[in-house]
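Reviewing the structure listed below.
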Amino acid sequence: MIYRTPGYCRDFRCIAGNCKDSCCKGWEIDIDDAAARRYAEVKGEFGERLRNSIRDGSFVLTEDERCPFLNEKGLCDIYTELGKESLCHICAEHPRYFEWFGTVKEGGTGLCCEASAQLILSRPFVLCEEEIPFEEAAGDYDDELFSLLLEARTAMLDAVCNDDMPFSEALCSVLDIAANAQKYIDIPMTGNTAAAGCREAMAAIFRCFSELEPIDENWIPYVRGCAEKLHGAPALKAGYIPYLRRIAAYFLFRYVMKSVYDGNVLGYAELAAVSVLFIAQLYRCRGECSFEDCAGIAKDYSKETEYCEENTEKLLELFGTEDFFSVNTLKALIAESFGENVDGI
């Protein structure tokens, strides 16, 4: 079967103790059945420690929400004591993600990881393919719909990755391609068309994000603080546009093909557009952003939004009901955010 990934994935390496926001903190860590069986057989003092640290199929986090095996050096005691092969599935694979479509497997590394975010923002988006042994993991879907969506996604990626196309035009093109594809799907979405004023719409979007379920307790105060500074913030710097193009490509590659199962191609395209718009405003509110700052802000957004299933589902629902998320409003916000108001363009 074909395995398709962004080229940067081949260079991903966990930075372990050098990570400023470890994935071993603040997350519930589920233990798969195979790992649980391995841990049940570990002998000695470490085996007892393992079994005493597991409850209801998960590791029992410490009071400060750290994995009990994350040591003071930021390293995993299971890894150092038993080897990489003894990690539970989620720890071994994170931040990698995968999707299966018949004889095609797609995968990448998630934006929520510090090391992955820096890779995603630093490299032009290029897809690579290789042959791998067949894996039976896909659900049922319509082959004709798959071909339609693949063609649509290719056109979207071509637009956002084309440095000769103004970014505002590229993002609007993404929404147009998705809206057109949606018309051919048997599950039409109820997306609204009413347009809201840009200033009011952006304020409403910030309110929406400030009401989602937080993972880090500092996230909501940060979003609300940015909302207060938004209208006095400087224009977006042109130097951030390449990063935003790569973030858009990440979201489009990762999510658009999911609509082969639920039919919501427009919703996933809107997720990419809204994510880029929101991250761009966070850059503006920060002022001067280094590359590390840009990657860190994108990482925090990803962690709080796409890595909380409830938050992603809530956004996809709101895209079809709220005027400030309508395609017409998003296009106006895109023109304002990435058009003539961009510093240096």
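What follows draws every value from the coordinates through simple rules; no lab data is involved. Computed from a predicted structure; not experimentally measured. All Cβ positions, even for glycine, are placed from backbone atoms using ideal geometry, and neighbour counts span all protein chains on display.
What to note about this one:
- Scalar couplings 3J(HN,Hα) for region 42-47, obtained by applying the Karplus form with A = 6.51, B = -1.76, C = 1.60 to θ = phi - 60°, are 5, 8, x, 4, 5, x Hz; x denotes Gly and Pro.
- Taking a ≥ b ≥ c as the square roots of the eigenvalues of the alpha-carbon gyration tensor, region 24-93 is classed rounded because a/c is under 1.5.
- Positive-end extreme of charge dipole, the chain - chosen from Cys76, Ala181, Ala235 (charges on Cβ): Ala235
- Three-way shape label, region 79-172, alpha-carbon gyration tensor, a/c 1.5: oblate
- For Gly108, the residues 5 or more places off, or on other chains, whose built amide H falls under 5 Å of its own are Tyr97.
- Each Cα pair under 8 Å and six or more residues apart adds its separation to the average, and for the chain the resulting relative contact order is 22 percent.
- Region 49-63 - phi-based ³J(HN,Hα) in whole Hz, Karplus 6.51/-1.76/1.60, Gly and Pro as x: 4, 4, 5, 6, 9, 10, 9, 6, x, 9, 6, 7, 6, 6, 4
- Percent antiparallel among DSSP beta bridges (both partners in the chain, rounded to 5): 80 percent
- For the chain, the longest principal axis of the Cα atoms and the long axis of helix 309-319 meet at an angle of about 10 degrees.
- Applying 0.36 nm per residue to the separation of Ala235 and Phe291 and subtracting their alpha-carbon distance, the gain on full extension is 18.4 nm.
- Unit charges on C-beta of K, R, D, E only; dipole of region 24-93, Debye: 200 debye
- Where a label projected 7 Å from the Cα of Thr80 along Cα→Cβ would reach, residues of region 26-70 with amide N under 16 Å: 46-47, 50, 67-70
- Residues whose amide H comes within less than 5 Å of that of Ile54, counting only those at least five positions distant or on another chain, are Val60 (H built at 1.01 Å from N in the peptide plane).
- Placing +1 on the Cβ of every Lys and Arg and -1 on the Cβ of every Asp and Glu, with no other charges, gives the chain a dipole of roughly 900 debye about its Cα centre.
- Residue among Asn18, Thr321, Ala280 farthest towards the positive dipole end of the chain, charges placed on Cβ: Asn18
- Net charge, Val223 excluded, C-beta distance under 14 Å - Lys, Arg +1, Asp, Glu -1: -1
- Note on the chain: Rg/Rh from C-alpha atoms, Kirkwood Rh, equals 0.98.
- Calculated mean residue ellipticity, 222 nm, the chain: -15500 deg cm²/dmol, from DSSP H runs (n ≥ 4) at -39500 (n - 2.57) each, averaged per residue and rounded to 500.
- Placing unit charges on the Cβ atoms only, positive for Lys and Arg and negative for Asp and Glu, gives region 83-145 a dipole magnitude near 580 debye about its Cα centre.
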